[in-house]
Amino acid sequence: MEEVREGRVVCHLGKGLAVEDENGHIVLCHTRRRLGDAAVGDRVRWEPCEGEQGRVLEILPRRSSLVRPAYGGRVRIVAANLDRVCVVLAPEPEPDWLLADQILAVCERRDIAALLVLNKTDLPGAPALDEALRDYESAGYGVFRISTRTGAGLDTLKQVLHTGCSMLSGQSGVGKSSLTNALLPDRNLRVGELSAHSGLGRHTTTSATLYHLPEGGELIDSPGVAVFGLAEMAPTELAQAYRDFRPYLGKCRFNDCRHVKDKGCAVREAVEAGTLASARYERYLKLLDRLGSAVEFSAG
Ligand SMILES: Nc1nc2c(ncn2[C@@H]2O[C@H](COP(=O)(O)OP(=O)(O)O)[C@@H](O)[C@H]2O)c(=O)[nH]1
Ligand SMILES: [Mg+2]
Ligand SMILES: [Zn+2]
């Protein structure tokens, strides 16, 4: 009998999962129906079967996972065992700060580190974003200023990414693909290898894929805008997930304070006193509103 081995799911292929073994080889693995959903980044136990294929026997416990809403009020796992999400922004297209806050909140809630990357610093509009970015720096987030066009700031960002598993996120057009290409000179080799296993001809880039960065660490390249669900978050959890609110939580007059119009709210008072960024607070109110409707939806 062949021995059971460990591996890492690097992407979904048409007929199964591409699993990387201990030596970096890709094996096309089938799964059992009752195994549950395996996601890119999952660590699995698998055994070889006919040909050069394998069978996944078990998904090993995840240290983190990101999910997105799916049909029927369910969720699907976008990526497993992530250590870090980079929220990529740019002067063009104009930043969607609400999306940025939403991603940061989800990461906070799921114990995944997050940082901000301002790309296209070669454009004249970049300095105008400094004020908004300072709110995040004072909340304790790392902010990296780069240009994939000129190469500025890339080395500093690479030093952060060379441990653990990272994913880029953010609006379309901010430069995620450009940054991925700058970080992964061997990307096409991997795509070629996956194509060879998929039996589908060229590996389609519609599936999130895990790559090894040349200096260590991994990058999960997820096509399109990864939508991280807020739906599974309770209103009190959203406030907790706003890092800059933490010093004030528990100091409101009422235990069940929602930090909206409640009397004696320490969060509001901090905004009024100018010690908490009002822009972040305004976006908290908007996200809280969205939570409200999401909850009603699933309850109704
Ligand atoms: N000026 C400038 N343009 C950039 C930079 N990085 C990417 N772009 C351009 O921005 C557009 C969108 O980039 P892309 O990587 O496809 O963004 P994505 O949708 O987030 O994957 C493309 O036209 C890129 O050439 C940069 O650092 N400076
Ligand atoms: Mg892209
Ligand atoms: Zn409050």
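The values are calculated or read from the model by the stated rules, or taken from the named source; none is laboratory data. Fair warning: this is a prediction, and the values are worked out from it, not measured in the lab. As a convention, Cβ positions derive from the backbone with ideal geometry for all residues, glycine included, and neighbour counts pool all protein chains shown. We work out accessible area using only protein heavy atoms, side chains counted, and drop any ligands, DNA or RNA first. Shrake-Rupley method; radii C 1.70, N 1.55, O 1.52, S 1.80 Å.
Some values worked out for this structure:
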| item | result |
| --- | --- |
| Sequence ranges 277-286, 159-168, ranked by mean other-Cβ count within 10 angstrom, highest first | 159-168, 277-286 |
| Neighbourhood charge, 10 Å Cβ-Cβ cut-off, centred on CYS252 and excluding it, Lys, Arg +1 and Asp, Glu -1 | +2 |
| Proximal lysines to LYS286, defined as alpha-carbon separation beneath 16 angstrom and excluding residues fewer than eight positions away on the same chain | LYS261 |
| Eligible aspartates and glutamates near LYS251 by straight Cα distance, threshold 13 Å, same-chain separation 8 or greater | ASP262, GLU269 |
| Surface share of carbon and sulfur [accessible, 1.4 angstrom probe, percent] for the chain | 48 |
| The stretch 99-192 shape via C-alpha gyration tensor axes, a/c threshold 1.5 | oblate |
| Rounded if a/c under 1.5, otherwise prolate or oblate - the stretch 1-57, Cα gyration tensor axes | rounded |
| Relative packing of peptides 151-157, 63-69 - highest average C-beta neighbours within 10 Å first | 63-69, 151-157 |
| Evaluated at q = 0.12, 0.14, 0.19 Å⁻¹: base-10 log I(q)/I(0), Debye formula over Cα of the stretch 65-221 | -0.55, -0.74, -1.28 |
| Packing-based ranking, highest mean first, of 245-252, 36-43 given that Cβ atoms within 10 Å are counted | 36-43, 245-252 |
| Of the DSSP H helices in the chain, those whose Cα atoms cover at least 24 Å axially and whose Kyte score averages -0.5 or more | 278-299 |
| Estimated distance in nm for a label pair at ASP155 and SER178, the labels positioned 7 Å out from Cα along Cα-to-Cβ | 2.1 |
| Within the stretch 235-299: Cβ-based charge dipole about Cα centre, in debye rounded to nearest 20 (Lys, Arg +1; Asp, Glu -1) | 120 |
| Residue-normalised accessible area of the stretch 235-299, expressed per residue, 1.4 Å probe, Å² | 61 |
| Formal net charge of residues neighbouring VAL160 (Cβ-Cβ distance under 12 Å; K, R +1; D, E -1) | -1 |
| Kirkwood-Stokes translational diffusion coefficient of the chain, alpha-carbon pairs, 37 °C, 0.692 mPa s, µm²/s | 158 |
| Distant-in-sequence amide H partners of VAL78 (H built 1.01 Å from N, under 5 Å) | LEU66, VAL67, ARG68 |
| Positive-pole candidate from GLY264, PHE245, LEU213, dipole of the chain, charges at beta carbon | GLY264 |
| Local net charge near MET233, Cβ-Cβ under 11 Å (Lys/Arg +1, Asp/Glu -1) | 0 |
| In sequence order, calculated HN-Hα J values of the stretch 53-60 (Karplus, 6.51, -1.76, 1.60; Hz; x Gly/Pro) | 10, x, 10, 7, 9, 7, 8, 6 |
